[in-house]
1. Give me the compactness ratio for the range 259-390, meaning the Cα radius of gyration over 2.2 N^0.38 Å.
2. Compute the separation of the alpha-carbon centres of the range 216-267 and the range 79-137 and state it in Å as a whole number.
3. Please report Rg over Rh for the range 295-359, where both radii come from the alpha carbon positions and Rh follows the Kirkwood definition.
4. To one decimal place, what orientation-averaged projected area in nm² is obtained for the convex hull of the Cα set of the range 118-261?
5. With only Lys, Arg, Asp and Glu charged, each at its Cβ (+1 for the first two, -1 for the last two), find how big the charge dipole of the chain is about the Cα centre; round to the nearest 20 debye.
6. Can you tell me how much longer the chain between ASN242 and THR211 gets when fully stretched, taken as 0.36 nm per residue apart minus their C-alpha distance, in nm with one decimal?
7. Could you work out the Rg to Rh ratio of the chain, with Rh taken as the Kirkwood radius (inverse of the mean 1/r over all Cα pairs)?
8. Compute the signed sum of charges (Lys and Arg +1, Asp and Glu -1) over the other residues within less than 11 Å, Cβ to Cβ, of GLU200.
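Please treat every number below as a calculation from the coordinates, not as lab data. Worth saying up front: this structure is predicted, and the values here are computed from it rather than measured. Cβ sites come from the backbone with ideal geometry, for glycine too, and all protein chains shown count toward neighbours.
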Amino acid sequence: MGPGPSDVDPRVLEAMARPTIGHLDPLFVDMMDELKGMLQYAFRTRNALTLPISAPGSAGMETAFVNLVEPGDTVIVCQNGVFGGRMKENVERCGATPVMVEDEWGKPVDPQKLEDALKAHPEARTVAFVQAETSTGAESDTRTLVEIAHRHDCLAIVDTVTALGGTPIETDAWGIDAVYSGSQKCLSCTPGLSPVSFSEAAIARIRNRKTKVQSWFLDLNLVMGYWGEGAKRAYHHTAPINALYGLHESLVLLQEEGLENAWARHRRNHEALRDGLEAMGLSFVVAPEHRLPQLNAVRVPEGVDEATVRSALLSDYSIEIGAGLGPLAGRIWRIGLMGYASNPRNVYLLLSALEAILAAQGYALPRGAAVDAARAAYASGNENLKTAANG
Ligand SMILES: Cc1ncc(COP(=O)(O)O)c(C=O)c1O
């Protein structure tokens, strides 16, 4: 129940234990086509260039930057947590100039600040931001930010590592040009793969580059020789066969549940957790309208030692939660409810374990109130569902 990796669905682990076949075996090639189709489903896109990069989310980030950014470019990077800082690093290593749009950690990216930066830098060609900031639990308004980027003739790169499968992403409807994610969060798969998708405008930019993509491994022109359509597939690198079995199974699971149902499940479990935590007197870092259901950043109450609580959760209950990073280090806990781990059993277990540990530290709380509040939240959610079903 940390910020990822989250628990892996047993069906995914089982799929990964199947025999390893060749990366050009016809059966495997068929599975690659299915994977691409299911990733299009998850990202809500018809982009032909949709595939999993054979490396973790950071490689998806790097794929977006090294392919779309050229030396001498100006890139507007919005930062409201750890991962915007990584984007800046990527821009610099591409020989380009980052212009930073900074927001306080725990707040979403401010669209007005992006608009101002684009007005001040008409030479900018790219805008990059994180939809779901894992370091704070804040969600930014991707639709609005992409629309602003396009109005200023920029392409938009969007990080959805923590978002995909947990919260809505409309790649086509919002016009995202380059989107990347990770397998280890709301997709309930193991770490190590990075689904990506690129629009036609992004492909046109890549085709018209003046310089070679500086990374051989992540050059999409070359990667497409393996992942492209039809029988022309050629060796590029030895694909992580068993990891891809796992991702395939996790996407089958997502389709079986239905994307909207997965989003609703993440929200329902978040609401129960939220009501339980608030009944204990705990408070959230992020304002309600910008909170990610899959990443709950909670303030450590006065007089409580945050590291002691985390280590008691781990040693006594086998529950991992995350610590704060950067300016939030020592001040918050990050509780993940991602993918397979987003379920009522985890919510109840975490609430009762946390209650016992906090009480042992002398923190005054009404005993039993947290679990009662979570139960009431689930009951009212079920009532709402019944009312909706009855029209
Ligand atoms: C928002 C965000 N971007 C990028 C990454 C990097 O992904 P990975 O650790 O899989 O390389 C993470 C990882 O937690 C993340 O949360």
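1. The value comes to 1.05.
2. Their Cα centres are 27 Å away from one another.
3. With Rg and the Kirkwood Rh in hand, the quotient comes to 0.95.
4. 10.5 nm²
5. For the chain, the charge dipole is close to 360 debye.
6. 7.7 nm
7. On the way: Rg = 21.5 Å, Rh = 21.8 Å.
Rg/Rh for the chain comes to 0.99.
8. Net charge in that neighbourhood comes out at +1.
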